1. Can you name the condition, by its number, that Ala391 falls short on among (1) part of a helix (DSSP H, G or I); (2) over 26 Å from Ile281 (Cα atoms); (3) open to solvent by 20 Å² or more (accessible area, probe 1.4 Å)?
2. Here is a check on your reading of the model: is Ser67 touching a residue at least 40 places away in the same chain (Cβ under 8 Å) and surrounded by 15 or more Cβ atoms within 10 Å (Cβ to Cβ)?
3. I'd like to know if the range 351-374 contains one or more residues that are in a helix (DSSP H, G or I), surrounded by fewer than 15 Cβ atoms within 10 Å (Cβ to Cβ) and under 22 Å from the mean Cα position of the chain (by Cα).
4. Can you tell me which residues in the range 11-35 are touching a residue at least 60 places away in the same chain (Cβ under 8 Å) and of a type in the set (S, T, N, Q)?
5. Somewhere in the range 233-245, is a residue at pLDDT below 95, open to solvent by 20 Å² or more (accessible area, probe 1.4 Å) and within 26 Å of Phe207 (Cα to Cα)?
6. Among the listed residues Asp306, Asp280, identify the single one that is touching a Lys or Arg at 6+ places or on another chain (Cβ under 9 Å) and either at pLDDT 95 or above or β-branched (Val, Ile, Thr) (or both).
7. Can you pull out every residue in the range 271-290 that is within 21 Å of Arg182 (Cβ to Cβ) and open to solvent by 20 Å² or more (accessible area, probe 1.4 Å)?
8. Residue by residue through the range 220-241, note down the ones that are of a type in the set (Val, Ile, Thr) and either more than 19 Å from Ala189 (Cβ to Cβ) or in contact with a Pro (Cβ under 9 Å, 6 or more places away or on another chain) (or both).
Amino acid sequence: MTDNANAARTRAAAAEAIDAVLSRGRSLDAALADAEKDLPAADRALLRKLCYGCLRHHWQLEAWAESLLDRPLKKRDSVVRALLAVGLYQLAATRVPDHAAVSTTVEAARLLRRPKHAGLLNAVLRRFMREDLANRAPAAETARFNHPQWMIDLLRRDWPSDWQAILDANNAQAPMWLRVNRQRRSLEAYRQRLERQGIEARGLAGFDQALRLAAAVPVTDLPGFAEGDVSVQDAAAQIAAAWLMARTGGRILDACAAPGGKSAHLKELAGDDIDLTCVDIDAGRLDRLRAYLDRVGVTATVCRGDASKPDEWWNEQAFDGILLDAPCSASGVIRRHPDIKCLRRAADIDALAGRQAAMLHALWRLLAPGGCLLYATCSVFSSENDAVVRAFLDTVSDAREGDTLQNNNMRDVMRRKTCGYQVLPGTAGMDGFYYACLEKVA
């Protein structure tokens with residue numbers, strides 16, 4: 001296959017993946033997994049760049065498309081709309097030469113069995129260049145900030161001084177963070193090992209296992225990855241295990257454990273000093289958790305179960321510590337998963353908050369007196385965070401907040417809420433995470 005044909009094939013695959021997200025509600029990870037099957041390895045980086053870029057800038061691309069099309073495309077031609085976004089994104093935000101962006105996008109229409117739209121795409125993309133739309137400021141907030149209006153409004157309400165910074169951080173590419181397995185080697189020893197392989201990394205004060213890479217690399221390029229010397233995990237996510245292990249030990253429950261990053265971190269910190277139980281409702285994700293634990297060389301009791309229905313799996317032995325990394329909107333990790341902006345709906349937030357509250361109440365009776373439950377989400381919405389915790393504390397008599405952090409450096413990157421602490425997306429290069437430490441009065 002010629003280079004031009006391969007290039008067109010990559011654009012067609014990107015359009016199909018984007019359409020799967022926007023029209024069928026698939027996650028970008030799942031859509032990319034299917035799209036990559038039929039592409040050479042050399043073309044997959046560009047595929048990902050196009051898909052991530054088009055979803056990050058979805059509202060701006062939609063605004064341009066609406067202004068350029070004389071009449072809307074039919075619903076059955078949604079993949080053509082996605083392909084138009086691919087073409088516009090290349091022209092506006094990549095270094096692909098204009099003529100190549102246009103010709104490969106037009107040829108991709110034929111590969112998608114939409115040859116009658118090839119001329120339309122050619123005309124629209126050339127008009128976009130001719131009218132220099134890329135340099136015109138968008139009028140609508142949705143296009144200016146590339147978020148749905150409900151999300152903009154909710155962030156403005158919850159974070160009146162920070163909402164624009166959060167939106168900007170969401171639209172940026174996230175850095176690659178590592179967690180060094182301290183049972184195997186020290187942070188500095190591993191940093192030097194990376195340096196010898198030409199991989200630049202630096203730490204973050206107060207985070208004993210976190211390294212931020214200057215540039216992302218495939219995990220296969222990380223020395224010792226397969227042996228469990230290091231894992232990929234954002235520094236904000238590394239707060240969970242460190243905080244819980246600073247407060248308790250003994251029997252520990254990771255209640256929504258898959259895919260296993262926080263579970264493995266708990267064992268890396270405490271080793272055999274804790275008896276760890278990992279529970280998750282999704283059997284497929286539990287397989288990933290087992291593989292993760294095997295890779296880093298730690299053991300735990302793993303079982304399938306619903307955290308809101310512990311009677312179905314609990315053996316009635318109390319836990320000294322519980323980590324509840326609750327299912328949430330994932331609004332704090334949008335920069336890693338831009339499809340969240342397209343897939344989430346405003347109505348989801350109240351439903352998620354109800355589920356979070358149900359899990360919190362159900363798990364509380366599993367906690368021994370004097371024990372600690374760390375409630376965590378990767379959300380930045382108060383409805384899922386301090387509002388859930390505040391309502392819980394107001395109704396549960398033997399619960400109180402323990403707000404002592406393990407070091408002042410960690411406090412510096414967190415915002416104090418009415419209950420708990422929030423890391424905002426982009427702070428020190430981290431994702432957005434919320435934490436509240438709840439103690440059971442003895």
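The values are calculated or read from the model by the stated rules, or taken from the named source; none is laboratory data. These numbers were taken from a predicted model, which means no experiment stands behind them. Please note: Cβ atoms are built from the backbone with ideal geometry, for glycine as well, and neighbour counts cover all protein chains shown. The accessibility values were calculated without ligands, DNA or RNA, using every heavy atom of the protein model including side chains. Shrake-Rupley method; radii C 1.70, N 1.55, O 1.52, S 1.80 Å.
1. (2)
2. no
3. yes
4. If the condition is that a residue be touching a residue at least 60 places away in the same chain (Cβ under 8 Å) and of a type in the set (S, T, N, Q), then Ser27 is the only one that fits.
5. yes
6. The conditions single out Asp280.
7. Within the range 271-290, Asp272, Asp273, Asp275 qualify.
8. Correct list: Thr220, Val230, Ile239.
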